[in-house]
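Q: Take this structure first; my questions come after.
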Amino acid sequence: MARESILVLEDDLAAQNMVSMQLTSAGYRVIPVVEGHAAIETCHMQRPDLVITDLSMPGMDGFEFIRQLRQEQFKAPIVAITGLGRAKGEAAVAAGANAFILKPVNRELLLSVVRKEIVAARTPAPKKHILVFEDEPSAQLLLHAMLEPAGFRVTTAENGVAALEIVKNDPPDLVMCDIVVPGMNGIELITKLRRESGYKAPILVVSAHLLERYRQAALDAGADAFLAKPVERLELLAHVEKLLSVSR
């Protein structure tokens, strides 16, 4: 079995050698690089299992390196190493890194983080959970047929009490709701979710009630977006992905 490869971008040769030796001693194949543009080209050519980068470097610094890799759809984990403090490490994560380690680098911590990130990258992500608040069986079936083939786990609630119970016990990544539902309507459900349950994830209203007062009431209550029925599958999925992306 081929050894896992790790690209190490570090312009300080002493630091480069130290990290490389720590990784090599644990059985990894190290690809040492000292300059950002060369590292990007090497990432695309050799496809390492993980990338380690310093943040403070002449020319292209680690932040720009991370951002460019992510813009070019490089998917492997990136671990930032920095002597500039925790705030810079957190900024690297915001730029697209998966984790950061402060200098001086502790070998056990380094190997633990590297192994964790490689394993996580190879573990299939759990399906995103969508709660559909809808009382019409035909609409339930239609939404299931649109969402489940796209890789989502769909739970249906026909009334507000059931919806609140699901949110409490199996919190969804997104709530999709109609407005006019017997008993607790969609506006009331959204209000309870936002003000009483502290629900922070996206809420998408899908309704045939198109008067502006309905749309505005839903948004005022805390909904993130409003779609009119009948909704096209691609339009629905585009809104769902956009809301989940913003939430992440």
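The values are calculated or read from the model by the stated rules, or taken from the named source; none is laboratory data. This is a predicted model, so every value here is computed, not measured. Here the Cβ is made from the backbone with ideal geometry for all residues, glycine too, and neighbour counts use every protein chain on show. Side chains included, ligands, DNA and RNA excluded: accessible areas come from the protein's heavy atoms. Shrake-Rupley method; radii C 1.70, N 1.55, O 1.52, S 1.80 Å.
Q: In whole angstrom, note down how far apart the Cα centers of segment 171-244 and segment 63-108 are.
A: Between the Cα centre of segment 171-244 and that of segment 63-108, the gap is 36 Å.
Q: Compute the distance from the alpha-carbon center of segment 42-60 to that of segment 148-167, in whole Å.
A: Using only Cα atoms, the two centres lie 42 Å from each other.
Q: In degrees between 0 and 90, to the nearest 10, how far off the longest principal axis of the chain does helix 36-46 point, with axes built from Cα atoms?
A: With rounding to tens, the tilt is 80 degrees.
Q: Once the Cα atoms of helix 107-122 and of the chain are each reduced to a long axis, what angle between those two axes, in degrees from 0 to 90 to the nearest 10, is obtained?
A: Its long axis makes an angle of about 40 degrees.
Q: Mind scanning LYS103/LYS200; LYS192/LYS242; LYS103/LYS242 and naming the pairs with a C-alpha gap bigger than 31 Å?
A: The pairs that break the limit, which is 31 Å between Cα atoms, are LYS103/LYS200; LYS103/LYS242.
Q: How much of the accessible area of the chain, in percent, comes from carbon and sulfur atoms when a 1.4 Å probe is used?
A: Answer for the chain is 55 percent, counting heavy atoms of protein chains only.
Q: Among [x] 48, 44, 34; [y] 48, 39, 34; [z] 69, 38, 30, only one was calculated for this model; which label is it, if the read-out is Cα extents along the principal axes in Å?
A: Given [x] 48, 44, 34; [y] 48, 39, 34; [z] 69, 38, 30, the calculated one carries the label [z].
Q: Give the aspartates and glutamates reachable from LYS229 as a straight Cα distance under 16 Å; neighbours fewer than 8 places away on the same chain don't count.
A: Leaving aside aspartates and glutamates fewer than 8 places away in the same chain, those within reach of LYS229 are GLU134, ASP135, GLU136, ASP178, GLU212.
Q: Show me the trypsin sites (Lys or Arg not before Pro) within segment 63-104 that DSSP assigns to loop and that have at most 14 other Cβ atoms within 10 Å of their Cβ.
A: LYS75
Q: Helix 13-25 sits at what angle to the longest principal axis of the chain, using alpha carbons and giving 0 to 90 degrees rounded to 10?
A: The two axes meet at around 70 degrees.
Q: Accessible area per residue for the chain in Å², computed with a 1.4 Å probe and the full protein assembly in place, what is it?
A: Details: 12810 Å² over 248 residues.
Each residue of the chain exposes 52 Å² on average to a 1.4 Å probe.
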